[in-house]
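FYI, it's all coordinate maths here, none of it is from the lab. In this text the structure is predicted, and so the values were computed from the model without any measurement. Every residue, glycine as well, gets a Cβ built from its backbone with ideal geometry; the counts of neighbours run over all protein chains shown.
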Amino acid sequence: MALAVVSYPTISDNDFCWLQSIRQKHDHLFFEVVAPHFTIVFPTDAIAQSTFIRHVAGKMSLFHSFEVVFRCAILGDPDFMEHAHAFLIPDEGFSQIVRLHDALYTGPLAGELRLDLPFIPHVGIASTPTREECKAIVDHLNEEKFEVRGRVDAIDVIGYDEDSVWTIERFTLSGTKP
């Protein structure tokens with residue numbers, strides 16, 4: 001089992017349904033596995049669960065909840081799991097997620113940071129066999145001029161085993177459990 005840190009942004013029911021309708025149609029890899037989320041620490045099995053949770057808990061007092069606003073989709077990493085991916089990127093909240101990511105990749109997680117890939121905060125919305133298919137989804141969404149508003153209020157330490165995701169511990173961004 002691998003451990004990771006994600007945040008499930010709080011968004012309106014209408015926006016959640018819109019987002020899920022896109023994911024259901026276009027994200028066959030992850031739609032059934034995990035809800036819309038930001039991955040803040042990517043899955044690793046190199047650190048003991050107690051050490052991982054203690055480290056995350058220790059960083060939460062540095063952060064407060066913040067707003068995220070999505071107005072743009074982009075083509076994501078074309079080679080992950082041999083699929084192309086489409087992401088929603090936050091116009092607002094981007095820097096806060098980067099700072100949270102950077103704070104968590106210290107101490108026991110420092111050696112897990114991948115320097116060969118840039119960290120781009122995103123919510124995955126599609127995974128297709130070709131880049132062209134994902135690019136068409138991105139172009140269609142961006143023509144709609146959508147806006148999805150939400151908040152990042154908590155993060156979850158999750159377990160991940162390729163077929164399922166489950167929350168092990170949830171923390172508010174003020175360092176206390178909700």
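Per-structure values
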item	result
HN-Hα J in Hz across the range 9-22 - Karplus 6.51, -1.76, 1.60, θ = phi - 60°, x for Gly and Pro	x, 7, 10, 4, 4, 4, 5, 4, 5, 4, 4, 5, 5, 5
Electrostatic dipole magnitude of the range 62-178 [Cβ: Lys, Arg +1; Asp, Glu -1; Cα centre; debye, to 20]	500
Selection from F63, V98, F31, by position along the positive dipole direction of the chain (Cβ)	F63
When the convex hull of its Cα atoms is projected in every direction, mean area for the range 37-78 (nm²)	4.8
Nonlocal amide H pairs with V68, under 5 Å, H built at 1.01 Å	G150, R151, V152
For the range 145-162, 3J(HN,Hα) per residue [Karplus equation, 6.51 cos²θ - 1.76 cosθ + 1.60, θ = phi - 60°, Hz, x = Gly/Pro]	6, 6, 8, 10, 9, x, 9, 9, 10, 8, 10, 10, 7, 10, x, 9, 9, 6
Ratio of the Cα radius of gyration of the range 98-177 to 2.2 N^0.38 Å, where N counts its residues	1.42
